[in-house]
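Below is one structure, written out as structure tokens; comments come after it.
The values are calculated or read from the model by the stated rules, or taken from the named source; none is laboratory data. Being a predicted model, the structure only gives us computed values, none of them experimental. Quick note on the areas: whole protein, heavy atoms, side chains included, nothing else; ligands and nucleic acids left out. Shrake-Rupley method; radii C 1.70, N 1.55, O 1.52, S 1.80 Å.
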Amino acid sequence: MKNLAALVALATTLVSSAHAVAVWGQCGGIGWTGGTTCDAGNTCTVLNPYYSQCLPSTTTAPPPPPPPPTSVSTSTTTTSTPTGPAPPTGTGLDAHMKAKGKIYWGTAADQNRFSNAQDSAVTIAQFGQLTPENSMKWDATENTRGVFTFSQADALVAYAQQHNMVVRAHTLVWHSQLPSWVSAINDKATLTSVIQNHIANVAGRYAGKVRSWDVCNEIFNEDGTFRSSVFYNVLGTSFVSIAFQAARAADPNAKLYINDYNLDSANAKLQAVVNLVKQTNSGTKLIDGIGTQMHLSAGGAGGAQAALQLAASAGVEVAITELDIVNAAPNDYVAVTKACLAVPACIGITSWGVRDPDSWRASSNPLLFDANFNPKPAYTAVIQALS
Ligand code: 9MR
């Protein structure tokens, strides 16, 4: 009898622990089929309609040390154990943007970021859209002619799907991060078929799985003339329609974007983008959106609304695609947020990364979360602006 009682007690313990979700793990949300009860000392907290998370209960002190995190992605990279504070509770940036009638607030990401459990927790809680920071670029997908590599890009798309986020795919035709075998092409027929093959393979692989594609990236100079690149130098302006036609064929339902930086006021470069879109779309509509990256300097947000309005005058949707602002002044972030809210064609905002040290310009601390994934004053100001 004594043995039987011990066995029952052991079985009860095993059953309850098998179903309890560890701290930081997902415990609910639309589409969630896993456990909904948290380990002792933690409370299942609704962060947004798609994600509830086991957070340490404030009434229990001290909380138990966090166990190894649950699986966060299809990544083969080992996840790190969360050690910092909990991500902000309540509804996140994306939920606030959606409540204002916009489509998303997103972030740049890749497997090297979301394989970190803290990054993943903030990403899931705050963002509804992912842009692959590097994994879909030409050097990542076709570094050798005709040899395609999709492991990192596949991981990004799978993670986004797993967490109900849309993908802004980035980017197909760009002078940078371009393999030297492409830059060396000097005849029209070869370059045309190389562009078409690249786009058919890369955009074709993700057809139906991404919301939009940055088809052409950074093709203008500041004065509105075309940038010198292998694409322009060999094909003239025709590379634009070659690329957009190939993208339309590869993924007929994706929104096809032209994307650039320094479109932060109604300047000559933005006017050139608008003119090109109008001209290209004068017959069949090929370009569906203008992306303005908005890598801003401090105090650089004053022209944002006028810029978004000028972009919208091309008759296409508009997105802020790579937002970061030197020193992350709350006023600048609020100005950009309100500019998007004020322009109906502006469909969403993408932060170019989650936390400062992971930014391409880390030394200027331009993002909404600090090194410990704590929300910064600009985050709070943006949430207020969206409330
Ligand atoms: O953030 C990206 C960084 O990790 C890469 O090293 C860099 C290489 O060119 O590209 C960065 O992202 C760029 C984006 O793809 C296009 N607009 C400018 C972004 C910042 O350089």
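Set the bar at 28 Å for Cα to Cα. Now go through Lys100/Lys137; Lys209/Lys338; Lys188/Lys278 and name every pair that lies beyond it.
Lys100/Lys137; Lys209/Lys338, as the Cα separations exceed 28 Å there.
So who's got an amide H within less than 5 Å of the one on Phe220, skipping anything under 5 residues away but keeping other chains? H placed 1.01 Å off N, in plane.
Under 5 Å from the amide H of Phe220: Arg227.
Assign one of three labels to the stretch 251-387, namely rounded, prolate or oblate, based on the Cα gyration tensor with a ≥ b ≥ c the square roots of its eigenvalues; rounded applies when a/c is under 1.5, prolate when it is not and a/b is larger than b/c, and oblate otherwise.
prolate
Would you mind calculating the gained length between Ser265 and Asn281 on full extension (0.36 nm times residue separation, minus the Cα-Cα distance), in nm to one decimal?
3.5 nm
What figure, in Å² to the nearest 10, do you get for the accessible area of Met136 with a 1.4 Å probe and non-protein molecules left out?
0
So what J values fall out for the stretch 323-337 if you push phi through Karplus, 6.51 cos²θ - 1.76 cosθ + 1.60 with θ = phi - 60°, rounded to Hz, Gly and Pro as x?
5, 7, 9, 3, 6, 6, 5, x, 4, 5, 4, 5, 4, 5, 4
Could you put Asp324, Asp139 in order of accessible surface area, largest first, with the 1.4 Å probe and the full protein assembly present?
Ranked from most to least accessible, the order is Asp139, Asp324.
Between the stretch 200-217 and the stretch 320-387, what's the alpha-carbon centroid distance in Å?
Centre-to-centre (Cα) distance: 26 Å.
I'd like the accessible area for Asp154: 1.4 Å probe, protein heavy atoms, all chains in place, Å² to the nearest 10.
Rounded to the nearest 10, the figure is 50 Å².
Any idea of the accessible area per residue across the stretch 214-356, 1.4 Å probe, to the nearest Å²?
Result: 33 Å² per residue.
Considering only protein heavy atoms and a 1.4 Å probe, what is the carbon-and-sulfur percentage of the accessible area of the stretch 184-316?
Within the stretch 184-316, the accessible surface is 46 percent carbon and sulfur.
Can you sort His19, His175, His163 by solvent-accessible area, 1.4 Å probe, largest first?
His19, His175, His163
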